[in-house]
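Read-outs throughout are calculated quantities, based only on the coordinates presented, and are distinct from any laboratory measurement. Only a predicted model underlies this, so the values are computations on that prediction, with no experimental measurement involved. Here Cβ is always computed from backbone atoms with ideal geometry, including for glycine, and neighbour counts include all displayed protein chains.
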Number of protein chains: 2
Amino acid sequence: MLTPDRVDTNSLFLTAQLNRLGVEVTRKTVVGDDLAPLRNAFDEAARRAELIIASGGLGPTEDDRTRDAVADLLGRKLAPDSAVMGMIEARFRQLGRRMSEVNKRQAMVPEGATVLPNDRGTAPGLWLESDGHIIVLLPGPPHELKAMFKMQVEPRLARIAKGVRLLARELRVVGMGESDVDQRIAPIYTRYSDVQTTILAAPGEIQIHLRMWTKDMPAAERQLQDIQEGIVLALGEAVFTTAGEPMEEVVAKALTLNQATIATAESCTGGLLAERLTRISGSSAYFLGGVVSYSNTLKSAWVDVPEEIIESRGAVSAEVAVALADGIRRRTGATLGVGITGVAGPTGGTPEKPVGTVHVAIADSSASKERTMRYLGERDRIRWQASQTALDLVRRYFLYSVPAKNNEKV
Amino acid sequence: MLTPDRVDTNSLFLTAQLNRLGVEVTRKTVVGDDLAPLRNAFDEAARRAELIIASGGLGPTEDDRTRDAVADLLGRKLAPDSAVMGMIEARFRQLGRRMSEVNKRQAMVPEGATVLPNDRGTAPGLWLESDGHIIVLLPGPPHELKAMFKMQVEPRLARIAKGVRLLARELRVVGMGESDVDQRIAPIYTRYSDVQTTILAAPGEIQIHLRMWTKDMPAAERQLQDIQEGIVLALGEAVFTTAGEPMEEVVAKALTLNQATIATAESCTGGLLAERLTRISGSSAYFLGGVVSYSNTLKSAWVDVPEEIIESRGAVSAEVAVALADGIRRRTGATLGVGITGVAGPTGGTPEKPVGTVHVAIADSSASKERTMRYLGERDRIRWQASQTALDLVRRYFLYSVPAKNNEKV
């Protein structure tokens with residue numbers, strides 16, 4: 001975990017599980033396999049927390065030192081445990097393999113520790129209590145760790161948990177900057193001192209996380225509901241979800257609810273919009289199809305963009321975006337067509353149309369709407385933001401619609 | 001980063017960059033936004049490392065406390081910096097937005113600190129030296145952090161780095177399982193005790209990381225070259241890169257080198273293949289266009305898939321994949337057409353065509369090639385693997401080609 005190659009997912013799983021039990025995670029530490037730093041990490045952790053959960057370092061090899069570090073820190077002797085040895089031998093028999101000599105290391109248990117059986121691997125977990133602290137050692141492979149946590153650790157923690165629970169909500173906002181969002185909602189969330197509010201900037205959206213530790217769930221629910229309503233009032237239509245959903249899921253729901261269909265004609269986003277619309281299972285109910293027309297010839301051949309518009313206005317223009325949207329709608333018979341054209345860069349920019357210039361349009365049978373954007377950043381970020389703006393146009397189209405068939409307006 | 005919602009990628013990027021400079025990462029700490037634990041984390045870090053790099057907590061809001069924590073620890077006063085204020089104001093002008101009052105917090109700089117300009121956001125970074133330690137504070141958003149590290153931090157660190165460097169190579173393999181790869185190459189890499197070998201399974205590929213710390217670069221280069229050649233001999237064409245490139249980049253190079261063009265007709269991947277092909281800047285040189293034909297009608301209307309094939313074989317069939325590939329090639333005049341049809345799930349599977357069944361085909365003007373796959377896993381994983389197989393078919397098509405115009409064969 002100290003190399004650049006591995007993403008840490010164990011700590012995210014453990015955090016979610018612990019939060020649900022009412023345990024707040026206050027620190028995460030990643031440390032190498034040497035004894036002294038390991039011991040030191042447990043020592044530091046014990047000074048600030050009641051519960052310490054470690055993953056990894058329980059394997060059979062020389063660099064699996066977690067057992068030793070903890071035994072040393074607590075002043076406990078390590079001794080071979082015959083029950084653990086039996087489990088490891090049984091595991092090898094089950095796999096039809098001979099047990100290596102090195103695996104005997106895994107049967108070493110600090111005195112006073114409770115062994116947590118591992119039904120998915122050879123490394124047993126350990127539960128130690130000392131001086132009001134609980135130290136839990138779990139194996140590193142995620143599928144072993146998860147099963148052991150669920151079966152062995154969660155029931156034990158649930159017995160000693162204090163009845164405090166975490167309640168969380170996530171709102172997402174489009175088309176506003178982080179500081180702008182904060183300025184508008186700070187007067188709201190600062191009134192609720194029990195609610196932790198975190199504002200995160202992600203490409204194309206701002207995420208507002210509300211978290212609250214409580215013993216009184218109904219009261220906490222009401223409080224989060226209050227603050228959520230306050231934020232929605234302050235930010236209005238910019239809030240696209242109060243359930244932490246990605247934009248494509250919100251759009252999928254709007255399309256389904258309105259029994260509407262959609263088709264896409266993309267240039268600079270290269271298929272990303274279609275890909276996002278079809279991430280959702282069952283998307284064939286509303287997504288009819290899309291084209292990625294990189295060349296001008298195909299823009300005309302596939303979606304009937306008049307060549308004279310491309311010539312007079314340029315392929316990157318509001319007029320072409322609208323023609324793409326309208327053309328794909330006509331070709332597919334969809335309720336809504338979406339068109340995107342722009343300069344994703346890093347090459348291809350001009351003084352009039354610099355990298356990041358994107359035109360996004362939607363069209364129904366009677367009207368169209370276009371937005372001209374100027375995004376900053378790299379190619380993938382520009383493409384993502386363009387797809388986000390397109391999805392947002394679709395979302396806003398349905399905002400005031402009465403869910404009904406053939407309801408078409410822009 | 002103490003909630004279950006965010007995967008940590010900043011530390012992976014920083015580790016890779018630091019290793020390249022010869023700096024080993026010995027500890028990673030994740031800590032919340034409260035002042036005391038933050039200060040404590042920097043204090044502990046300073047006791048065991050010469051270089052401390054922190055990301056996040058430099059924003060304009062109440063819970064951005066990193067500046068304060070470090071200033072407090074080092075006993076430095078915070079004062080508003082007019083140059084930083086100017087940069088922030090310029091940034092807002094550029095975006096055409098009014099600066100919020102809260103953004104003034106970001107212009108507070110500890111005395112003696114060097115300001116690292118941020119050309120992608122409002123939070124400047126800070127470089128502090130104290131007592132033989134270097135403390136670098138970087139913004140949290142990855143695109144801001146990356147740019148600032150590359151432009152501001154790396155050059156400074158390179159000047160003071162010691163002679164040890166990390167040499168790293170990454171090979172990627174397609175179409176083989178992790179244990180299969182390991183079994184074939186273990187006899188090779190275990191012979192080189194100085195080389196750390198890590199084998200990672202990612203969707204659609206196996207990554208082989210070779211790492212070696214050295215003061216003698218030419219000798220280390222030769223050793224890594226030896227082991228790399230051994231691996232390529234053992235795995236053959238399954239190795240698609242020895243430079244850690246993603247598959248779409250390898251395919252882009254093959255298309256460019258052969259002056260070939262490509263077009264795509266996708267069903268279950270929903271545009272992902274086109275999106276991957278167009279991630280690369282300059283892709284308009286080889287990518288002509290693509291269609292996402294979810295409905296059977298559009299498969300026929302757009303790429304001339306004969307209705308009788310869809311009726312007799314089903315939309316998910318080898319024949320339809322070939323017809324999609326050949327149809328899009330004819331419609332666009334591309335050197336190669338690619339067709340994908342399948343069941344991405346979780347719904348839509350049948351006993352004969354369960355979820356994960358995917359047909360992938362390529363066609364040139366004289367022949368076609370098809371692969372029928374059965375992927376395991378969830379929708380996004382199945383879609384990714386299908387796009388990977390399609391790209392791999394294209395890669396293999398060009399494997400034995402003599403780069404030349406109009407070189408068409410399957």
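Here are a few things to note about the model shown:
- Cα-based radius of gyration of the protein assembly as shown once divided by 2.2 N^0.38 Å, which approximates compact folds: 1.01
- Across the copies of the chain, A:Thr26 has label points (7 Å from Cα along Cα→Cβ) spaced 2.6 nm apart, shortest distance listed first.
- In nanometres and ascending order, the distances from the A:Ala158 label point to those of the other copies are 5.6 (point 7 Å from Cα along Cα→Cβ).
- Normalised contact order of segment B:247-397, rounded percent, pairs of Cα under 8 Å and 6 or more residues apart: 24 percent
- Taking 17 Å as the straight-line reach from the Cα of B:Lys215, the aspartates and glutamates in range (excluding those fewer than 8 positions away in the same chain) are B:Glu24, B:Asp194.
- Within a straight-line Cα-Cα reach of under 20 Å, B:Lys77 can be paired with the following lysines, leaving aside sequence neighbours fewer than 8 residues apart in one chain: B:Lys104.
- Each peptide in B:253-263, A:108-118 gets a packing score, the mean of other Cβ atoms within 10 Å over its residues, and the list from highest to lowest is B:253-263, A:108-118.
- Pseudo-label separations to other copies for A:Ala243 - Cα-to-Cβ vector, 7 Å, nm: 4.6
- A straight Cα-to-Cα reach below 27 Å connects B:Lys253 with the lysines A:Lys299, B:Lys146, B:Lys150, B:Lys369, B:Lys405, B:Lys409, residues fewer than 8 places away in its own chain not being considered.
- Cα-only Debye scattering, chain B: base-10 log of I(q)/I(0) at q = 0.06, 0.07, 0.12, 0.14 Å⁻¹: -0.36, -0.48, -1.05, -1.15
- Taking the number of Cβ atoms within 10 Å of each Cβ as an exposure proxy, the fewest-first ranking of B:Glu275, B:Glu144, B:Glu307, A:Glu319 is B:Glu307, A:Glu319, B:Glu144, B:Glu275.
- Gyration tensor (alpha-carbon) shape descriptor, segment A:233-361, a/c threshold 1.5: oblate
- A Cβ-based charge dipole, computed about the Cα centre of segment A:247-397 with Lys and Arg at +1 and Asp and Glu at -1, lands at about 360 debye.
- Kyte-Doolittle mean at least -0.5, axial Cα span of 24 Å or more - DSSP H helices of chain B: B:217-235
- Here the contact order of chain B, divided by its residue count and restricted to Cα pairs under 8 Å and six or more residues apart, works out to 11 percent.
- Prolate/oblate/rounded call for segment B:89-206, Cα gyration tensor, a/c under 1.5 rounded: oblate
- Fewest-first ordering of A:Ser11, B:Ser366, B:Ser179, A:Ser401 by other beta carbons within 10 Å of each residue's beta carbon gives B:Ser366, B:Ser179, A:Ser401, A:Ser11.
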